[in-house]
Amino acid sequence: MTHEINSSDTASRGPGTKCGLSRRKFLLTSGTATATVMVSMNHAGADSHMPATVATYPRKKIATLSSLQTDVPVEFDYPDEGEYSSSVLVKLGTEAGGGLGPDKDVVAFNHFCTHQGGDLSGSYKGETKSLGACPLHLSTYDLTRHGILISGQAYQSLPQVLLELDGDDIYAVGIFGLIFGRHDNLQG
Amino acid sequence: MTTPYYIPETNVPLPPKDADVITTACDYCIVACGYKVYRWPVAGNHDGGPEADNNAFDEDFPVAPLGSWVAPNQHNIVMHDGNPHHVVIIPDKDTEAVNTNGDSSLRGGCIAQKCYNPQTPTRDRLSTPLMRMWGILQPVSWDFALDVAAEVANHVRRKHGANAYGVKTFSYQYIENTYAISKYALRHINTANFTFHDTPSDVSSTPGFRDAGFDNFGPSYEDWMNAETLLVCGTDPYETKTILFTQWMMPGIQNGQKCIMMNPRRTAGVAYAEANGGLWLDVNLGTDLLVVNAIARVIAENGWQDAEWIKKWVNNKWGSNSGFGQGTRNTPWQWRTTWGKFQTDGYDDWAKWLLAQDEFTPENAAKVAGIDVQKIYTAAEWMAKPGADGTRPKTSIMIEKGFYWSNNTGNTMAISALAIQVGAGGRPGQVVGRAGGHQRGGVRGGKYPRNKSPMKVPGRRRRALDTDTWTMSGHTRMAHVIGTTWIQSMCGSQQLARRFEELTVQNPNQVMSFDKQEIIDTLKARADSGGMVVINQDIYLVDPIGNRYADIIFPAATWGEDTFMRANGERRLRVYNKFYDAPGEAKPDWWIIAQLAKKMGFDGFDWENSNDVAEESARFSRGSRKDFNMIKMAAIREGKTLHAKLGEFGTNGIQGPVFMDDDGSLRGTKRLHDTTLSLSETGPTGSNMFNKKLTHFNSQTGRCNIEKSPWSLFSDYWEWMSPKDDELWCTSGRTNERWQSGFDDRRRPYIVQRWPDNYIEIHPDDAAARGIESGDLLMAYSDRVPSLKETTLGIEGDDYSFTGQMRNDNVELSKAAVTGVAMVTRHIKKGIIYMDFLHTSQPANALEGRIVDWISGNYNYKIGVARLKKIGESPHKHSFRSMSFAPRDII
């Protein structure tokens, strides 16, 4: 079982909490700067009795704000280099939920369709600020609204990568939503 | 109910190796994809792991695309045998039918969220019978609720007649339940005041198909893939029956199929077809008949009709006039044509009529329909023009509600004639049928008592009773409403609601007693005074039929809470297994009906379980498209139950009608009207039954009737209804992410985040002219919603038209208004607004005319008008949390 330490009621108490905004608060306020730490406890098999493991989203520099051009996506891997880590960072040119920067328009998302794992790379459309249609079953996602499904069959929004700005540097610091193919974002 | 504050999870438990695996099929759309339920106890921290040797999928995580991934919305915790269990419900990756390779839609994909779990928004499931006392619905025991219901019901039918007891029920929510309900209502109560969730009268949904001889669900899913040209009318299957599109039509289109979509809304399936060489016929509402007949006219003028097929399979003058051995002019088809508007002497007679109607010239049809005339010529060419070597395109035609609920009789007559002309129907890849809405779970336990209906069509035949006008007129003294909203699902919803209010809560006889007999006497007095007593049987408390108007609530158990059977849109029968405990005292509908019937003194309701009901119903399925009687015979032969025998077919199921070979093995039927099929020359053996429609058509001769489809039978209503001044056409339909009234979806945080309110799609030009932007809160309203005061009144034939009803002062105009969030989008045709069809709090049907199609008795739900007024801004306009205003046609 994995427990979220810094949910809204424990945000100020959780070990390793770096800032005041929780995942919950992020979604409710569309906040722009946040960090999240996950503490994962025993998720091993039925017969094992491993001690609790602690997994934490890495803080990873992925781009600089000044280098981004509107509607030109930048690819990066997060939270690791493993399968389905491929993600996309894009300056939308319009304010977005969870948007970073002075115009609140820089967002990042995992690149795999949360229906059946279709690869969405190369499908960004500036006109509609969307990813898709997925080549498998045509799902499309609205990047201005936390990756919500526009039309299609996905079981949830596209996982949104949490971003943090430090000077001109953009850091990936967490993910909302389970990445396709994985049973746990940090354990594969 | 849930709010849009959805917080996504970032992990999910996996089923362990020894998890129970139970097969089922999706509860929702017609396609009925196969699913597997993985169930294991919560106690013991017994979850599976990410290694293949440590989970029930035998897969290493991360899994490959299309693999056994589990999204958090596919997990839930339920009670099983009184103990909490994890369930993971994902599409069956091993199935060989329907959703081959384990595809799913969003609706079915998240069906785990349907399960009752008091820690989720499903916590308001009805779990005990309720009775309204002092205006409040209070929990009572089953015995108490049933005693009161039975006494009042017997009083109503004895004192006011069987037709005073109305039964308004789902037609599809599992064979066991529909059989029990219809046995009770039709055989025992024997009321003509009976109909299904989607129609005011128990009539055919597609009168033109019925008359031509086409079964609604003859085709197999592979036929839609194998057609070389496919005309799809009034639906985008991607939005509404997803897997039919993604698993069957998409491969067809990728393989070069020319897909023609006739629909004023360009959603993803339409856009995909267009992007891959298809055609979008963006017709104005209600003009389909003109376009269909214009296509047929181009084909006729060029001599592209399938002459060989027509010669063999279309009735000539003699065939048209023959009956069922009961004398001529006494078949359902012929009494509709009493006044000679439809009947022809065969293809040439039909073509002569077609070419003589000026409104069917491509130029006129294109003008009225608001489309490019070239599209009519292109469609005709694709559908019927033979190649240089004389080979004909294999053409199929699919229709659904946007089409047959716009001009019910006319459109279905016209499309049947076009199908016959191009040789669709009766051969692999050359078929005609409905795409379907809900699944097919109806088996009748009694015959509709048509002779008890006081309503008639022109001539001498009685028509099934229109339960809405009957109730509006105060003749329904007790209404038994099962698994439908009734009010919002019907046209002119707000007038209906007003009348329900008068007949129930505004009647002076209200229960204010703790004494059973006093309660019974009060409700009897209500019925006797001209009021109405309401029983509502459902899984949730429905507004307003349940929580405002009902006197007694029966809590129903549903999918996964008992074992049921049902068929899908290619007649594929499957067992839907029970895998968890129903909430509290909730019981399956068959059980509720059986207890009520027994208390009323009826015999034949002594069923122990759902299999008993299924086995009793089997013989009533004989000869039908989902004939499963031989599965029961096989079960008897092998000493098994019917459910166990059908269950052996798992998610693959078997397509009805089902036959037994001499060695006892069962064989399904790929398609109906299969003229390429050879049946045993010696006829059926044992209890097998060969129905004519296996190899022929469903007509008086086994050949098709090609019929005329005059525009004039409908054009007066269409012209009257057409937008005046700043009105816009107003239509509605499904949205991919929401099923029916949203009874489950309103309790799914993610879906509520996506669709927190009803929406109003409007073309950018229409929006700009009215100062409307996406996210604005709009009032859609009308002061001329027409409704019939009484049933269609008339003496002479032309009295029955809309003009005749207006002339005879049988039409009342009233006001209606529905709010919604503006969605300014390029994917809706200019001049038309589109809403979700069944938001219970913002019902689009309020704006649709409560005028039945005077020939068929169905509503034309899809053609209304409305004005728009901006009344403010919705919270979604500037917040990024919910909704999306991006267009649905991004490919």
Does segment B:240-249 include one or more residues that are free of Cβ contacts under 8 Å to residues at least 40 places away in the same chain and touching a Pro at 6+ places or on another chain (Cβ under 7 Å)?
yes
Taking segment B:707-750, which residues are of a type in the set (A, V, I, L, M) and at pLDDT 95 or above?
B:Met721, B:Leu728
Hey, could you check segment B:25-71 for residues that are polar (S, T, N, Q) and more than 7 Å from chain A (Cβ to nearest Cβ) and say which is surrounded by the most Cβ atoms within 10 Å (Cβ to Cβ)?
B:Asn55
List every residue pair whose Cβ atoms lie under 6 Å apart, where the two residues are 6 or more positions apart in sequence or sit on different chains, the first residue falls within segment B:41-57 and is within 17 Å of B:Ile90 (Cα to Cα), and the second residue, located anywhere, is in a helix (DSSP H, G or I) and at pLDDT 95 or above.
B:Gly48/B:Asn54
Residue list for segment B:72-84, restricted to those being over 16 Å from B:Ile22 (Cα atoms) and buried (at least 23 other Cβ atoms within 10 Å of the Cβ):
B:Asn73
Out of (1) more than 14 Å from every other protein chain (Cβ to nearest Cβ); (2) part of a loop (DSSP other than H, G, I, E, B); (3) modelled with pLDDT of 95 or more, the odd one out for B:Ser856 is which?
(3)
Of residues in segment A:168-188 being charged (D, E, K, R) and assigned to a loop (DSSP other than H, G, I, E, B), the one nearest to the other protein chains (Cβ to nearest Cβ)
A:Arg182
Sole miss for B:Pro91 among (1) surrounded by 24 or more Cβ atoms within 10 Å (Cβ to Cβ); (2) more than 10 Å from chain A (Cβ to nearest Cβ) is condition (2)
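Which members of segment A:87-104 meet the condition of being within 12 Å of another protein chain (Cβ to nearest Cβ) and within 15 Å of the chain's Cα centre (by Cα)?
Of everything in segment A:87-104, those that are within 12 Å of another protein chain (Cβ to nearest Cβ) and within 15 Å of the chain's Cα centre (by Cα) turn out to be A:Ala96, A:Gly97, A:Gly98, A:Gly99.
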Looking only at segment B:107-118, decide whether some residue is under 22 Å from B:Asn736 (Cα atoms), within 28 Å of the chain's Cα centre (by Cα) and more than 11 Å from every other protein chain (Cβ to nearest Cβ).
yes
Just checking, does segment B:693-710 include any residue being under 30 Å from B:Asp562 (Cβ atoms) and either in contact with a Pro (Cβ under 6 Å, 6 or more places away or on another chain) or not in a loop (DSSP other than H, G, I, E, B) (or both)?
no
Out of B:Ser127, B:Ser104, I need the residue that is in a loop (DSSP other than H, G, I, E, B) and within 11 Å of B:Cys33 (Cα to Cα). Which one?
B:Ser104
Conditions: (1) closer than 24 Å to B:Ile371 by Cβ; (2) part of a loop (DSSP other than H, G, I, E, B). B:Val865 meets all but one. Number of the miss?
(2)
Evaluation of B:Ala153 against (1) farther than 16 Å from B:Asn536 by Cα; (2) in contact with a helix residue (DSSP H, G or I) (Cβ under 9 Å, 6 or more places away or on another chain) (one fails), failing number
(1)
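Taking into account only those residues within segment A:109-150 that are among the aliphatic types (A, V, I, L, M) and part of a loop (DSSP other than H, G, I, E, B), which is surrounded by the fewest Cβ atoms within 10 Å (Cβ to Cβ)?
Ranking the candidates gives A:Leu136 first.
Every residue, every condition in (1) in contact with a Gly (Cβ under 9 Å, 6 or more places away or on another chain); (2) crowded, with 24+ Cβ neighbours inside 10 Å; (3) away from chain A (no Cβ under 14 Å), yes or no:
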residue	(1), (2), (3)
B:Ala180	yes, yes, yes
B:His188	yes, no, yes
B:His197	yes, no, yes
B:Gly218	yes, yes, yes
B:Gly234	yes, yes, yes
B:Lys241	yes, yes, no
B:Gln254	no, no, no
B:Asn263	yes, yes, yes
B:Trp280	no, no, yes
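Would you point out the residue of segment B:641-669, among those that are surrounded by fewer than 17 Cβ atoms within 10 Å (Cβ to Cβ) and not small (Gly, Ala, Ser), that is farthest from B:Leu694 (Cα to Cα)?
Restricting attention to segment B:641-669, the residues satisfying the condition of being surrounded by fewer than 17 Cβ atoms within 10 Å (Cβ to Cβ) are B:644, B:648, B:661-665, B:667.
Applying the additional criterion that residues be not small (Gly, Ala, Ser) yields B:648, B:661-663, B:667.
Numbers: B:Glu648: 25, B:Asp661: 16, B:Asp662: 19, B:Asp663: 22, B:Arg667: 13 Å.
If we take residues in segment B:641-669 being surrounded by fewer than 17 Cβ atoms within 10 Å (Cβ to Cβ) and not small (Gly, Ala, Ser), then B:Glu648 is farthest from B:Leu694 (Cα to Cα).
Look at B:Ile243 and say whether it is under 22 Å from the mean Cα position of the chain (by Cα) and in the same structural domain as B:Val292 (by TED's automatic domain parsing).
yes
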Taking B:His839, is it farther than 18 Å from B:Thr792 by Cα, within 19 Å of the chain's Cα centre (by Cα) and assigned by TED's automatic domain parsing to the domain that holds B:Ile760?
yes
Of B:His839, B:His878, which residue is assigned to a loop (DSSP other than H, G, I, E, B), within 14 Å of chain A (Cβ to nearest Cβ) and of a type outside the set (Lys, Arg)?
B:His878
Taking B:Asn177 as meeting all but one of (1) in a helix (DSSP H, G or I); (2) without any contact (Cβ under 8 Å) to a residue 60 or more places away in the chain; (3) out of contact with any Lys or Arg (no Cβ under 9 Å at 6 or more places or on another chain); (4) not small (Gly, Ala, Ser), write down the number of the exception.
(2)
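Checking the structure you have, find out if any residue of segment B:577-584 is in a loop (DSSP other than H, G, I, E, B), in contact with a Leu (Cβ under 9 Å, 6 or more places away or on another chain) and either among the aliphatic types (A, V, I, L, M) or in the same structural domain as B:His188 (by TED's automatic domain parsing) (or both).
Checked against the condition, which is being in a loop (DSSP other than H, G, I, E, B), in contact with a Leu (Cβ under 9 Å, 6 or more places away or on another chain) and either among the aliphatic types (A, V, I, L, M) or in the same structural domain as B:His188 (by TED's automatic domain parsing) (or both), segment B:577-584 yields no hits at all.
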Checking the condition over 19 Å from B:Cys491 (Cβ atoms), buried (at least 20 other Cβ atoms within 10 Å of the Cβ), within 14 Å of chain A (Cβ to nearest Cβ) and acidic (Asp, Glu), which residue from B:Asp674, B:Asp745 passes?
B:Asp745
Which numbered condition B:Ser201 misses (of (1) closer than 18 Å to B:Ala597 by Cα; (2) touching a residue at least 40 places away in the same chain (Cβ under 8 Å); (3) buried (at least 24 other Cβ atoms within 10 Å of the Cβ)):
(1)
Considering only segment B:631-686, state which residues are of a type in the set (Gly, Ala, Ser) and either more than 30 Å from B:Ser396 (Cβ to Cβ) or in contact with a Cys (Cβ under 9 Å, 6 or more places away or on another chain) (or both).
B:Ala634, B:Ala635, B:Gly639, B:Ala644, B:Gly647, B:Gly664, B:Ser665, B:Gly683, B:Gly686
Restricting the search to segment B:793-809, which residues are out of contact with any helix residue (DSSP H, G or I) (no Cβ under 7 Å at 6 or more places or on another chain) and either surrounded by 21 or more Cβ atoms within 10 Å (Cβ to Cβ) or part of a strand (DSSP E or B) (or both)?
B:Tyr800, B:Gln805
If you scan segment A:142-167, which residues turn out to be within 7 Å of chain B (Cβ to nearest Cβ), out of contact with any strand residue (DSSP E or B) (no Cβ under 7 Å at 6 or more places or on another chain) and of a type outside the set (Gly, Ala, Ser)?
A:Thr144, A:Arg145, A:Gln153, A:Tyr155, A:Gln156
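The values are calculated or read from the model by the stated rules, or taken from the named source; none is laboratory data. Everything numeric here is computed off the predicted structure, so don't read it as measured data. Don't worry about glycine lacking a Cβ; one is built from the backbone with ideal geometry, like all the others, and counts go over all protein chains shown.
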